[in-house]
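Since the structure comes first, as structure tokens, the remarks are kept for the end.
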Protein chains: 2
Amino acid sequence: MRKESRWIRWIKWIVIVTVLFVLGFCIGWFAKPSNTQNHKDSSHYLKDFLEEMKADKIREHLRKFTQLPHLAGTEQNLKYAEQIMKEWKMFGLDSVEMVPYDVLLSYPNESQPNYISIVDHLGNEVFNTSLAEPVPQGYEDISNIVPPYSAFSAKGQPEGDLVYVNYGRTEDFSQLQREMGINVTGRIVIVRYGKIFRGNKVKNAMLAGAKGIIMFSDPADYWADGIQPYPDGWNLPGRGAQRGNVLNLNGAGDPLTPGYPAKEYTYRFSPEDGVGLPNIPVHPIGFHDAILLLNNMGGEIPPNNWKGALNVSYRIGPGFTDDFKSQKVRMNIHTNNQVTRIYNVIGKIRGAQEPDRYVILGGHRDAWVFGGIDPMSGAAVVHETVRSAGRLLNTGWRPRRTIIFASWDAEEFGLLGSTEWAEDNARLLQERAVAYINADSAIEGMYTLRVDCTPSLHTLVYDITKQIPSPEEGEEGVSLYESWHKRDNWTNDRDAPRISKLGSGSDFEAYFIRLGIASGRARYTKNAKTERYSSYPVYHSVYETFEIVEKFYDPSFKRLQAVAQVRGALIFLLADSQLLPLDVNEYADSLRKYAQSIAQLAQKNLGELEAYKVSFDSLFSAVENFTVAARDFHERLQTLNKADPLQLRIMNDQLMYLERAFIDPLGLPGRPFYRHVIFAPSSHNKYAGESFPGIYDALFDIENSADPAKAWEEVKRQISIAAFTVHAAAMTLTLPA
Amino acid sequence: MRKESRWIRWIKWIVIVTVLFVLGFCIGWFAKPSNTQNHKDSSHYLKDFLEEMKADKIREHLRKFTQLPHLAGTEQNLKYAEQIMKEWKMFGLDSVEMVPYDVLLSYPNESQPNYISIVDHLGNEVFNTSLAEPVPQGYEDISNIVPPYSAFSAKGQPEGDLVYVNYGRTEDFSQLQREMGINVTGRIVIVRYGKIFRGNKVKNAMLAGAKGIIMFSDPADYWADGIQPYPDGWNLPGRGAQRGNVLNLNGAGDPLTPGYPAKEYTYRFSPEDGVGLPNIPVHPIGFHDAILLLNNMGGEIPPNNWKGALNVSYRIGPGFTDDFKSQKVRMNIHTNNQVTRIYNVIGKIRGAQEPDRYVILGGHRDAWVFGGIDPMSGAAVVHETVRSAGRLLNTGWRPRRTIIFASWDAEEFGLLGSTEWAEDNARLLQERAVAYINADSAIEGMYTLRVDCTPSLHTLVYDITKQIPSPEEGEEGVSLYESWHKRDNWTNDRDAPRISKLGSGSDFEAYFIRLGIASGRARYTKNAKTERYSSYPVYHSVYETFEIVEKFYDPSFKRLQAVAQVRGALIFLLADSQLLPLDVNEYADSLRKYAQSIAQLAQKNLGELEAYKVSFDSLFSAVENFTVAARDFHERLQTLNKADPLQLRIMNDQLMYLERAFIDPLGLPGRPFYRHVIFAPSSHNKYAGESFPGIYDALFDIENSADPAKAWEEVKRQISIAAFTVHAAAMTLTLPA
């Protein structure tokens, strides 16, 4: 018995010792903090972050920053910058700084106004266009409202016969010269605004030999049916006109310091060597004045698609009809270029785990006048996003990666503030930037959401919009995704809301097209199917006030709130997700569509494709290769051990650098700062993003080329570059085996 | 008692439970592997790695790969590639692949030999230069020895008067034209080899209007006193001549596919549009033939520094003296350019922790003939390094980062194999490459070590050489560092062995100057103070045999072994150190010296500096800023928690990307593929590395400029670019605060 009892006691002891040891071991094992931070589920914080963004606050911010005109380079715009800096600090950002650059801006001469005259045979001015827009009610006492002008116009007083060239597109000038046999050399062209960027119109006029160019807003392009002109509605009054720069920078930033930030010590080219400056006078007018210039024009009646909605014949000219033949048009342009200090405001939240990874939310602050829509509807949204992020920081949250908020200056003068900062920080951005979300105007219509972004962000945009409520009345409980999906379904092959390609014309340009940082933008928009006008009627006029938003575009400010939540959720999830929410398979799908679409475009010239042995096979094969690499990468992601910080970083680096892989350091032909091989504006229209822009432009040039054999060689070269780039991008998704 | 006993028992129990629990806890705690790999001290492995590299093996490899001529594009060079691939696999690399490109090469026409004649007034050839070098003993039966030629020479048979232009440098042509008043237009120039890259001589001749250029090896530049010509010594026989390409690629790689890898689908320019191809005939001769061409020359006696060591007057011409005046010189050049397949061999060892970080050891395999020195002394060293690394892999070692070994092809034709691969992999390299170590000829003299590298590698080179024994006889127990230090102390401000700047002329070019990857090279060299000849006498001749190394340069093969150990230790420590062994403070020190030195150079034109308001202040201020940033970064390194894998990676990324920060995406003026703002060859000599090459070239151009005001503007622009780049690089050493 004793023996047995001792045995039993021993067994008991062993069991106890073992159990206790195992217990201790287990507790020790699990008590030890893992090196991978226990990433607290951030969805809880995301919810707080989005709910904290308030419609009323956005209204307040918009009201505050649209009281006074704040053109880039003016005192008032500096004051707003200082106020934003102060408030961002107060909201709780880790750091906020003012970053100045000295760039070339352009202002009307205050003592010599710009206008256009009709002059009689004695040289007397028998008609002059208006010197300013009628100021809207409530703003009568405001000074410093800059009259409509074309920034960076050459000075001069050219006089001559007018020629009407429709929208001033490459194809319009080509039709004019080839089919209609009209030469504009030494003449002044008049074109309507719309379809393409105004700088391209000016370049086309210069290339055609015109000695001046007048641009007008035609109701066909800037008037919504059944809507009153402002202030009774949101249409452009007849005396309203569209300001805007007429540069052809192609991404160069400050015309005098291309490629380098415009700092105090920076070498500046002389203005004659500046990039993209037109050498002819340019001026914008409203349709009220346009009628009077077009009314007596002679020459042929144009084709129907050249006719706008004014009660005139749209005769092409040159010059006026019989009775008025001796009258000429004279432009009086005295606009000055001058190097001027501008100010970006840069605020940062330091990333907790990866301070060297940047997610950027940037939008401009400078406005042509009040900027009620452009850009302050966007700036108010950024302001509210910063406020909400600050609140979250105070509750103990800190994002995994660094978030940078930017209030850019001088966007209206050629994206100058954002481009100079990109040039200044190019190395950091190239190595560290995860994504750039743009925050220009948050609204341009009352219909639904509009998103333009790089393909790898598609999935994130869909996920996010499913978590945000629709701002539309009567859609309580409906998600933004559903609301958007219902209104704008992807046209072709996919049952999902439409997402478009990025073009240019706003501050994402340097980040996306020059540096290859995954980028996107979101805003509320019009119904593209029924509303045919370009941008929105009062675009760049004095009528872009706080009131036009409050009365017409978004009385409840819920649409702006929804846009704030979309932009905010994008930066939140890009900055705080352990694994970057970028979808490589979406990129593969898009590349396939783009390749098909550009090959299709080339099919127009089937005979020549054969004659010159042009083949898209290498491109299709590269896309196929990319598709396989993306699928394999995606599969590897599924087995990733997220608890291993180095493994995670390695995969995230591949995700981050994918967009960078599409950058060709040599740039597109003749455009060294447009370096994205997949996305860039065509040379013929800065606004529209083309896929495979190198091939697109080469195909576009076929038609106007004097040497088709050479032009087709360029197409082949561009196909080869595109194929190589897609292959190279596929390689970045692999690791040494 | 019972009560007490129970208490005691309880206490006993509690103690036991506690002890067991704590024991278990502790074991559990410590048993759990930390996420930061317990980085086994790698110095033990390094020792094994270096000791495994054997002199005898290097001899064996060199013997094996110098049996037959293996010019790029020939069958024999492919056979060697296949053999290397096979052996690298056998040695144990994780993967070895053959990577082909189709590039433009250049060969003599086999049925129409190249030569130069003196022709009489009837056009009869009264003297012809030799068609080939006398083949060294033992190699008489070898076929496929390409005769001396200038690769990529234009074809043609120009005839005219000779003009002697010393070394054919910019300053020689300038002196000829300005001071001596001689115009070479329509004439044939003859220059001696040496001082600058031969391609620059050809370019200068073309710019001056010459219709042909002859280059000869003068004993003043290719002859060591007291040494016999090969095979009795290592001097160049009189009938030996230097082969070599005469391109001006400026880093473009394959002339027909600049910027893109020369793959099957790649678009190729037509040869007329190729980069850097000369449009005049070029031919190299030995001094035996040179005497006969120079002997009867007329014209002036040149200044003393134009005179070589031949027993001729070195008269400048044009043409021959009185008696021979009617004689002309005719070049007969029939060399063909043709697109040819070349093969790189790429071997990899996958990194254990950071497979996405690359350390590259690359050197070329193609040779003009046998390549006894150039490149096989280097290739044998790489081969032995791979063998030793394979042995180490078999013992269980695996480096932290990926190591890539490369056997490049077609280096002799313009660094083509290495540049095409760099173009092919540019995105991966830009994001992932830590360092590139070059492995061209491992020996060019018998004196001491020579290292050229980026400043951040200085400290590592010193550390390494202290761990490697001197290969010199009688220096047992002396380190390579001491041996080197004794022979070549840094000239100016530092008591340490001299390390020089990287120039170009070997395969590191695309990696360092285009992509900004920290690079270095090491070889055994001559005594620069006493041995004045360029490179080494038999350079690029048929006399570069295995025997010249075995008999003269390194009979024990210990010098090659020492070079193998230096190159090997570099890649080992770059690949396996937890923290990258790159020294940012050294970069700061070097930048300061370079800034002082370039400012000093400008002081030559003191008056103009003032007149044109040229200031170096911005550059000095940028360097100061960089110095502070480097110091702060270095301090942060000291407090780095290396056990935190993410912290470590973040710091390593900053170290890795520092070199990248000096890259200007716009390139140097007119040289888009030379993008390093701190280091590049001058436009006037590809071989020599200049610091701040943009400023250097702009200053160089001052003297020859017709418009000094404009030339000084360019100096100012280059100073501004340099200052900005240094500022930008400083920024990369910081993180958001």
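Among the residues of segment A:428-448, those identified as under 30 Å from residue A:654 (Cβ atoms) and of a type in the set (A, V, I, L, M, F, W, C) are A:428, A:429, A:433, A:434, A:435, A:437, A:439. Against the test of being closer than 28 Å to residue B:529 by Cα, at pLDDT 95 or above and of a type outside the set (A, V, I, L, M, F, W, C), the options B:240, B:251, B:212 yield a single qualifying residue, B:240. Each residue in segment A:552-561 was checked for being part of a helix (DSSP H, G or I), of a type outside the set (Phe, Trp, Tyr) and farther than 13 Å from residue A:63 by Cβ, and 3 of them qualify. Taken as a whole, the structure places residue A:444 among residues that are surrounded by fewer than 22 Cβ atoms within 10 Å (Cβ to Cβ) and either modelled with pLDDT of 95 or more or not small (Gly, Ala, Ser) (or both). Whether any residue in segment A:391-405 is crowded, with 22+ Cβ neighbours inside 10 Å, more than 14 Å from chain B (Cβ to nearest Cβ) and touching a Ser or Thr at 6+ places or on another chain (Cβ under 8 Å) is what I want to check. No. Quick check on residue B:700: is it away from every other protein chain (no Cβ under 14 Å) and hydrophobic (A, V, I, L, M, F, W, C)? Answer is yes for this residue. Whenever a residue of segment A:429-440 is more than 11 Å from residue A:656 (Cα to Cα), its partners that are of a type in the set (Asp, Glu) and surrounded by 24 or more Cβ atoms within 10 Å (Cβ to Cβ), lying with C-beta atoms within less than 6 angstrom and at least six residues away or across chains, give the pairs A:438/A:507. Counting the residues of segment A:705-719 that are within 27 Å of the chain's Cα centre (by Cα) and either assigned to a strand (DSSP E or B) or surrounded by fewer than 24 Cβ atoms within 10 Å (Cβ to Cβ) (or both) gives 0.
Just a yes or no: is a residue in segment A:302-323 assigned to a strand (DSSP E or B), buried (at least 17 other Cβ atoms within 10 Å of the Cβ) and in contact (Cβ under 8 Å) with a residue 24 or more places away in the chain?
Checked segment A:302-323: at least one residue is assigned to a strand (DSSP E or B), buried (at least 17 other Cβ atoms within 10 Å of the Cβ) and in contact (Cβ under 8 Å) with a residue 24 or more places away in the chain.
Candidates are the residues of segment A:634-653 that are closer than 16 Å to residue A:574 by Cβ and more than 9 Å from chain B (Cβ to nearest Cβ); the one that is nearest to the chain's Cα centre (by Cα) is A:652.
Residues in segment A:657-682 that are assigned to a strand (DSSP E or B) and in contact (Cβ under 8 Å) with a residue 24 or more places away in the chain: how many? Even if it seems obvious, please write down each step before you answer.
Applying the first criterion (assigned to a strand (DSSP E or B)) to segment A:657-682 yields A:663, A:668, A:671, A:676, A:679-682.
Still in the list and also in contact (Cβ under 8 Å) with a residue 24 or more places away in the chain: A:663, A:668, A:671, A:676, A:679-681.
Total satisfying the criteria: 7.
Among the residues of segment B:476-495, those identified as under 23 Å from the mean Cα position of the chain (by Cα) and modelled with pLDDT under 95 are B:488, B:489, B:490, B:491.
For the structure I just gave you, tell me whether residue A:722 is within 11 Å of another protein chain (Cβ to nearest Cβ), under 25 Å from the mean Cα position of the chain (by Cα) and either buried (at least 18 other Cβ atoms within 10 Å of the Cβ) or not aliphatic (A, V, I, L, M) (or both). It is true that residue A:722 is within 11 Å of another protein chain (Cβ to nearest Cβ), under 25 Å from the mean Cα position of the chain (by Cα) and either buried (at least 18 other Cβ atoms within 10 Å of the Cβ) or not aliphatic (A, V, I, L, M) (or both). Scanning segment A:596-626 for residues that are among the small types (Gly, Ala, Ser), surrounded by 14 or more Cβ atoms within 10 Å (Cβ to Cβ) and without any contact (Cβ under 8 Å) to a residue 60 or more places away in the chain returns a single hit, A:599.
Results for (1) among the hydrophobic types (A, V, I, L, M, F, W, C); (2) in contact with a Leu (Cβ under 8 Å, 6 or more places away or on another chain), shown as yes or no for each residue.
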site	(1), (2)
B:476	no, no
B:486	no, no
B:517	yes, yes
B:528	yes, no
B:534	no, no
B:551	no, no
B:554	no, yes
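Quick grid of which residues meet (1) touching a helix residue (DSSP H, G or I) at 6+ places or on another chain (Cβ under 9 Å); (2) farther than 18 Å from residue B:676 by Cα; (3) surrounded by 24 or more Cβ atoms within 10 Å (Cβ to Cβ):
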position	(1), (2), (3)
B:520	yes, no, yes
B:570	yes, yes, yes
B:578	yes, yes, no
B:585	yes, yes, no
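For segment A:326-367, the set of residues classified as in a strand (DSSP E or B) and within 14 Å of another protein chain (Cβ to nearest Cβ) consists of A:346, A:347, A:348, A:349, A:354, A:355, A:356, A:357, A:358, A:359, A:360, listed by residue number. Listed conditions (1) within 13 Å of another protein chain (Cβ to nearest Cβ); (2) over 16 Å from residue A:727 (Cβ atoms) are all met by residue A:664, apart from (2). The residue pairs whose first member lies in segment B:177-206 and is more than 22 Å from residue B:220 (Cα to Cα) and touching a residue at least 12 places away in the same chain (Cβ under 8 Å), whose second member is among the small types (Gly, Ala, Ser) and in a strand (DSSP E or B), and whose beta carbons are closer than 7 Å, counting only pairs six or more residues apart or on different chains, are B:186/B:160; B:187/B:160; B:188/B:160; B:188/B:212. For the criterion of being part of a helix (DSSP H, G or I), in contact with a strand residue (DSSP E or B) (Cβ under 8 Å, 6 or more places away or on another chain) and over 24 Å from residue A:130 (Cβ atoms), residue A:200 passes.
Looking across segment A:258-269, the residues that are facing chain B (nearest Cβ under 9 Å) and not charged (D, E, K, R) come down to A:258, A:259, A:260, A:261, A:265, A:266, A:267, A:269.
Taking residue B:594 and the conditions (1) over 21 Å from the mean Cα position of the chain (by Cα); (2) under 25 Å from residue A:266 (Cβ atoms), which numbered condition does it fall short on, given that it satisfies the others? With respect to (1) over 21 Å from the mean Cα position of the chain (by Cα); (2) under 25 Å from residue A:266 (Cβ atoms), residue B:594 is out only on (1). Taken over segment B:683-704, residues that are buried (at least 21 other Cβ atoms within 10 Å of the Cβ) and either without any contact (Cβ under 8 Å) to a residue 40 or more places away in the chain or assigned to a loop (DSSP other than H, G, I, E, B) (or both) amount to 6. Which of the following residues is surrounded by 21 or more Cβ atoms within 10 Å (Cβ to Cβ), out of contact with any His (no Cβ under 9 Å at 6 or more places or on another chain) and under 30 Å from residue B:410 (Cβ atoms): B:163, B:191? Exactly one of B:163, B:191 is surrounded by 21 or more Cβ atoms within 10 Å (Cβ to Cβ), out of contact with any His (no Cβ under 9 Å at 6 or more places or on another chain) and under 30 Å from residue B:410 (Cβ atoms), namely B:191.
All conditions but one from (1) in a helix (DSSP H, G or I); (2) under 30 Å from residue B:137 (Cβ atoms) apply to residue B:389; the one that does not is (2). Residues being part of a strand (DSSP E or B) and over 30 Å from residue A:422 (Cβ atoms) are entirely absent from segment A:168-180.
The single condition from (1) outside any helix (DSSP H, G or I); (2) small (Gly, Ala, Ser); (3) within 14 Å of chain B (Cβ to nearest Cβ) that residue A:728 fails is (1).
Out of B:77, B:109, one residue alone is surrounded by fewer than 18 Cβ atoms within 10 Å (Cβ to Cβ) and either away from chain A (no Cβ under 14 Å) or among the acidic types (Asp, Glu) (or both). It is B:109.
The values are calculated or read from the model by the stated rules, or taken from the named source; none is laboratory data. This one's a predicted model, so the numbers in the text were calculated from it and none came from an experiment. No Cβ is skipped: glycine too gets one built from the backbone with ideal geometry, and neighbour counts run over all protein chains shown.
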